[in-house]
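The structure appears right after this line, and notes come after that.
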Amino acid sequence: MQNLWTDEEAVLFPGDLGQRVYTSRLLGRDKSLVLHGGGNTSVKIRERSLTGAQEDILYVKGSGRDLEHIDADGFSPVQLNHLIALAGVESLSDPAMLNEMLTHMTKASAPAPSVEAILHAILPHKFVDHTHADAVLAVTNTADGRRRIDELYGSLVIPVPYVMPGFALSRLCATLLEAHTTGEMVGLVLLNHGIFSFGNTARESYDRMIGLVERAELYLESRNAWNIRTNDSGIAVSKPVRPPDVASLRKAISDVAGKPVVMRSHRDARVMRFIGRDDVSSISQQGPPTPDHVIRTKRVPMLGRDVAEYAAAYDDYFRSSATRSASPLTRLDPAPRIVLDPELGMCAIGSTAREADIVADLYRRAMDVIERSTALGGYQALPADDLFDVEYWDLEQQKLKRGAGPKVFTGEVALVTGAASGIGKACVESLLSRGAAVAGLDINPAVAKMFTRSDFLGIRCDVTSPDAVVSSLDTIVNSFGGLDILVLNAGVFPPGAGIADLAEEAWRAIMTLNLDSNLTLMRESYPLLKLAPGGGRVVIIGSKNVPAPSPGVAAYSASKAALSQLGRVAALEWGRDNIRVNQLHPDGVFDTGIWTEEVLAQRAHHAGLTVDGYRKRNVLGSEVTSHHVAELAAEMCGPLFARVTGAQLPIDGGNERVI
């Protein structure tokens, strides 16, 4: 465990709240301590209110805020004395507790306080840190975890038996603190949950956290339960996986979830070694290292690919545990969030690519804890009922009821060709804005860095190479789980040449890119599109030259016309597979790569128009941009066009020859 404090950095964060921000970020940098909104920190500060009165304020991390990137606005200022008084109340539901905290904040725009705010308040120290340190969890998640904590820490910490996070935990800790606080005590260990440290300065609390976790690491190391990955390099990754096999699993999971999902596949040596353990069917089905995990990962992963069996088992789990609830519960979907399969590896499932990444990160840390606890003497998670109580927590149920609906393409996967510029790039943006995970193909290597976000995958690909197309589809399926939407946009508009002067080479090159490559993409995408949970969709970006060709562009016009016919036949053939195929025919789109300001000025001058007039030379007198084309392409993939296939729409502001 590395202590990351440096005086050079610390001086950049003045004041008590600044120091709280700094050490919170230090904790967040270490993924073995906290992940994705986990953990919480606080500082107690005396401030003068607008009325001039002095009051003690607890600045506690806002619920769900990420410690690694937190700033001062990520902390919730709550009146300390009111929180301390709440700890003396006999009983308090979690919604009522949250209401009390929200109504006693001194800043209305601050995030909701951490559910552990009362516990932070009653700890008699200025700074308090709470993490879910892997090493501590590996010690506590064993049959004799309490004894081991006593052996490891002695009087340095108070061991706290597991109770539900929130008010019940605060009450229990208040009782234990009153009975067991000593001058040596520097922390609390919450069994099957995490660890607290505290101090009079931010550095003291942080140093104590690092020291306590390092003790746990050394304890595990001394018992041959720390270095669990020494032989990863010798693990053979499974044989190549057929993309339709992955897409089939994604469809089955989506059907059970009642919505499309993104599925990330992981087949690295570390994952495959865990899946290949002889006891994986036992250790993976105990439950997660902390109850917090269950909200993201569900109680257990699915072993193999029998989604129906997993869903039936989840229904049994829900029915048996829900009977203890005093009020009706809204059952969550019964689909797995983690799949462990000897061929497919670890598949992480989420409504979005980011959610799937979070699920994967959490389970990777869980694998470490599970294997270390197993080596220490046997992994033991909390009973199913305790995990259920967190999964169906009042506060989580409230979030479900008030949560905004998902974007129209949430959980869906789109592929756009010619994605690095112009209409293709605009299509990527329109699909991303509607919630899709999007892969963009382009021969321009800049496509790989076009967006830095988990729901975009840029792949340099020469679409005229069938091998490159197949390889790209493999990558897309491994990254997102399947394919729902295909936007065929890649193409070339060559310099003008009459038929009498059209070279064979130029003809073939244009046909290869504008026509043949799209045949390859459609053929190779078909097995995936027919497995799309909501039905596959194809949008072909054609051209005004299909209904109204122009002289001097015979190869371009012919290639686009042939592509149009290909799309019409696909609509006829693929309708039985619930795949829609529609086409757009743009014209006068001048914000693409071929239209430089110089070329545009020349063409406008040749037509006797201003540049602005040339841009709007259509029936409506309005400019058509890449964004306009992309928005219509995206809409053609949505519910408004759910009963439309084989359609061809112009988007040109009105062209007299087309009309």
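The values are calculated or read from the model by the stated rules, or taken from the named source; none is laboratory data. Predicted model, so just to flag it, every value in this text is computed and none were measured. Positions of Cβ are generated from backbone atoms using ideal geometry, with glycine treated the same way; all protein chains shown enter the neighbour counts. What goes into the accessible areas is simple: the full protein's heavy atoms, side chains included, and nothing from ligands, DNA or RNA. Shrake-Rupley method; radii C 1.70, N 1.55, O 1.52, S 1.80 Å.
Just add up the charged neighbours of ARG365: K/R +1, D/E -1, any other residue whose Cβ is under 12 Å from the Cβ of ARG365. Net local charge, ARG365 excluded: -1. Of the residues HIS36, HIS605, HIS120, HIS266, ranked by 1.4 Å probe accessible area with the largest first, the sequence reads HIS605, HIS36, HIS266, HIS120.
Under a Cβ-Cβ cut-off of 14 Å, what is the net charge of the residues other than ALA85 that fall near it, where Lys and Arg count +1 and Asp and Glu count -1?
Details: positive: ARG171; negative: GLU55, ASP56, GLU90, GLU100.
Spelling it out: positives minus negatives among the neighbours equals -3.
Near ILE57, the amide H atoms lying under 5 Å from its own belong to ILE45, ARG46, GLU47, LEU80; only residues 5 or more places off or on other chains count, and H is placed 1.01 Å from N. For the chain, the relative contact order works out to 10 percent when only alpha carbon pairs closer than 8 Å and six or more residues apart are counted. When the Cα positions of THR520, VAL553, ALA500 are compared along the charge dipole of region 485-559, THR520 comes out farthest toward the positive end, with charges on each C-beta of Lys, Arg, Asp and Glu.
Protein heavy-atom accessible surface, 1.4 Å probe, per residue over region 467-586: 38 Å².
Just the accessible area per residue of region 620-659, please: how many Å² with a 1.4 Å probe? Don't skip to the end; give the middle numbers.
On the way: 2170 Å² over 40 residues.
Using a 1.4 Å probe on heavy atoms only, each residue of region 620-659 averages 54 Å².
Computed over protein heavy atoms with a 1.4 Å probe, the carbon and sulfur contribution to the accessible area of the chain reaches 52%. Database remark: amide H of GLY187 closer than 5 angstrom to the amide H of ILE158 (H placed geometrically; neighbours at sequence offset of 5 or more, or on other chains; Pro and chain starts carry no H). Straight Cα distances below 12 angstrom link LYS107 to the aspartates and glutamates ASP73, with same-chain residues fewer than 8 positions distant left out.
Could you give the length gained by full extension between LEU50 and LEU176, i.e. 0.36 nm per residue of separation minus their alpha carbon distance, to one decimal place? Display every interim value, and only then the final one.
Details: separation 126, 0.36 × 126 = 45.36 nm, distance 3.71 nm.
Additional length available on full extension: 41.7 nm.
Axis of helix 202-222 versus longest Cα principal axis of the chain: the two differ by about 90°, to the nearest ten degrees. Under 5 Å between amide hydrogens, built in the peptide plane, is the criterion, and for GLY536 it picks out ILE579, ARG580 among residues at least 5 positions away or on other chains.
In terms of packing, defined here as the mean over residues of other Cβ atoms within 10 angstrom, the peptides 513-523, 546-556, 191-201 line up highest first as 191-201, 513-523, 546-556. Taking θ as phi - 60° and the Karplus parameters 6.51, -1.76 and 1.60, the scalar couplings of region 569-578 work out to 5, 4, 4, 5, 6, 9, x, 5, 9, 6 Hz in sequence order, x denoting glycine and proline. Computed from phi, the 3J(HN,Hα) profile of region 327-342 under the Karplus parametrisation 6.51, -1.76, 1.60 (θ = phi - 60°) reads 10, x, 10, 8, 5, 6, 5, x, 7, x, 10, 10, 10, 10, 9, x Hz, with x in place of Gly and Pro. Calculated accessible area for region 239-287 comes out at 40 Å² per residue, all protein chains present (probe 1.4 Å; ligands, DNA, RNA ignored).
For a 26 Å ceiling on Cα separation, which of these pairs sit above it: LYS61/LYS259; LYS31/LYS61; LYS407/LYS530; LYS61/LYS407; LYS126/LYS298? Show your work: numbers first, answer last.
Numbers: LYS61/LYS259 33 Å; LYS31/LYS61 18 Å; LYS407/LYS530 22 Å; LYS61/LYS407 29 Å; LYS126/LYS298 36 Å.
Flagged as over cut-off: LYS61/LYS259; LYS61/LYS407; LYS126/LYS298.
Our coupling estimate for region 458-473, obtained by passing each phi through the Karplus curve with A = 6.51, B = -1.76, C = 1.60 and θ = phi - 60°, is x, 10, 6, 8, 8, 5, 7, 9, x, 5, 5, 5, 4, 4, 5, 5 Hz, Gly and Pro reported as x.
Work through the residues other than PRO445 whose Cβ is under 12 Å from its Cβ and net out their charges, Lys, Arg +1 and Asp, Glu -1.
Values: positive: LYS449, ARG460; negative: ASP442, ASP462.
Summing Lys/Arg as +1 and Asp/Glu as -1 gives 0.
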